[in-house]
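The values are calculated or read from the model by the stated rules, or taken from the named source; none is laboratory data. Note that the structure is a prediction, hence the values are computed from the model and not measured. Note that each Cβ is placed from the backbone with ideal geometry, even for glycine, and that neighbours are counted across all protein chains shown.
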Amino acid sequence: MAKKKSDEKDLELEKEVKNLAFGYIFLMVSFIIFFVVLHSFNFYLFDTKLNYSIFILPFILFMEDAILKEVGYKYGVEALVFSSIILFLTSIGTDYILNVDFDLVKHIGIVLAYIISQFVNMLIYYYMLDNYRTPYFFVVANMMFSILIYNMFYMLFSLGLVFTSDFWYSYTIVAIIQTLLSMICGILLNIIKQGVDKEY
């Protein structure tokens, strides 16, 4: 009787975890779509042309880390794979809608930059979680490190920029803005309680 109750409780917990994971992944995909759309809208700051998507990237990393923290590595990997596919398809679809010439290198560059930065973020943050050491400074530093990796690959492969003074100027401005946003995300992430069994 006790075993039956235990099995029912495990099934109920597993169902709850799956529902939570689905909700997180759905929210992450929504951020991805928003992220791609905002790539097409620009603004100027200190005479530097930037796009509004820079404000979304820290929150995408936050969603990945929240999935790892609450529902485990398995769903974190699923979120990365699924969001990468959505990123690629949305990127192509947005260019088609806006009548932008198809550029496969640009789309591949965006997806590769995303996968590499997310994978680095995921490995480091999961290691911290596994050792129950997630101090605020290291959480924010990990997010910033991953964001800098994304920006580097994106600017080099998708925008075709080279290492000039203009490159580093734009790169620094973006880094400062995203550092401030990462600090907010770090606070939110540390509020989230580490979740259920890692097996799920």
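Observations on the structure shown:
- Test: residue in the range 82-102 that is hydroxyl-bearing (Ser, Thr, Tyr), closer than 30 Å to ILE191 by Cα and at pLDDT 85 or above: yes
- Unmet criterion (only one of (1) in a strand (DSSP E or B); (2) touching a Gly at 6+ places or on another chain (Cβ under 9 Å); (3) aromatic (Phe, Trp, Tyr)) for TYR44: (2)
- Test: residue in the range 165-179 that is closer than 19 Å to VAL29 by Cβ and under 15 Å from the mean Cα position of the chain (by Cα): no
To keep it simple, each residue is scored yes or no on (1) modelled with pLDDT of 75 or more; (2) surrounded by 12 or more Cβ atoms within 10 Å (Cβ to Cβ); (3) on the phi > 0 side of the Ramachandran plot.
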site: LYS3; (1), (2), (3): no, no, no
site: ASP7; (1), (2), (3): no, no, no
site: LEU13; (1), (2), (3): no, yes, no
site: PHE31; (1), (2), (3): yes, yes, no
site: PHE43; (1), (2), (3): yes, no, no
site: PHE46; (1), (2), (3): yes, no, yes
site: TYR52; (1), (2), (3): yes, yes, no
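- Among the residues of the range 89-104, just one is closer than 22 Å to VAL29 by Cβ and among the aromatic types (Phe, Trp, Tyr), namely TYR96.
- Being among the hydrophobic types (A, V, I, L, M, F, W, C), in contact with a helix residue (DSSP H, G or I) (Cβ under 8 Å, 6 or more places away or on another chain) and not in a helix (DSSP H, G or I) is a condition met by at least one residue of the range 49-64.
- Subset of the range 152-200 (residues that are under 26 Å from THR134 (Cα atoms) and modelled with pLDDT under 60): VAL196, ASP197, LYS198, GLU199, TYR200
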